[in-house]
1. Heads up, I need the accessible area for Phe42: 1.4 angstrom probe, whole protein in place, Å², nearest 10.
2. What order do Glu41, Glu30 take when sorted by accessible area (1.4 Å probe), most exposed first?
3. Just to check I understand the Karplus step: with θ = phi - 60° and J = 6.51 cos²θ - 1.76 cosθ + 1.60, what whole-Hz values come out for the stretch 21-33, glycine and proline as x?
4. Where a Cα-Cα gap under 16 Å defines reach, which lysines qualify for Lys15, not counting those fewer than 8 residues away within the same chain?
Amino acid sequence: MEIPFIKYVFDQKKKNFTIVPMIVGETSLEEDYQIAIALKEFYQDEKTLFVISSDFFPCQIHLCCMAENH
C-alpha cells in the first residue's frame, strides 16, 4: 500500500530511487539483533528511507521496504 505513494512522491520530485523489499517472518530476539546489525549502515545514511509495514496474516509475515534516494 505504501509503495504507490512513495513512487508518486519521488516521481514528483524527479528523484531516482530503488525499493528493496524485505519479507521477514517470525523471528527470535537474536535474529532481530542480527537483522539490526545488517541494516545499521543503511539506517545511518541520510539518503535511506525505511518504510515498515506489518500485516497480520495467519503466518505472521512482516513486510519491510527500504527506498534509497539516489
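1. Only protein atoms counted, so the area is about 70 Å².
2. If we order Glu41, Glu30 from most to least accessible, we get Glu41, Glu30.
3. So the J values, rounded to whole Hz, are x, 10, 10, 10, x, 5, 10, 7, 4, 5, 5, 4, 4.
4. By straight Cα distance, Lys15 reaches Lys7, Lys47.
The values are calculated or read from the model by the stated rules, or taken from the named source; none is laboratory data. Treat the numbers as computed from the prediction; the structure is a model and nothing was measured. Calculation scope for accessible area: heavy atoms of the full protein, side chains included, ligands and nucleic acids excluded. Shrake-Rupley method; radii C 1.70, N 1.55, O 1.52, S 1.80 Å.
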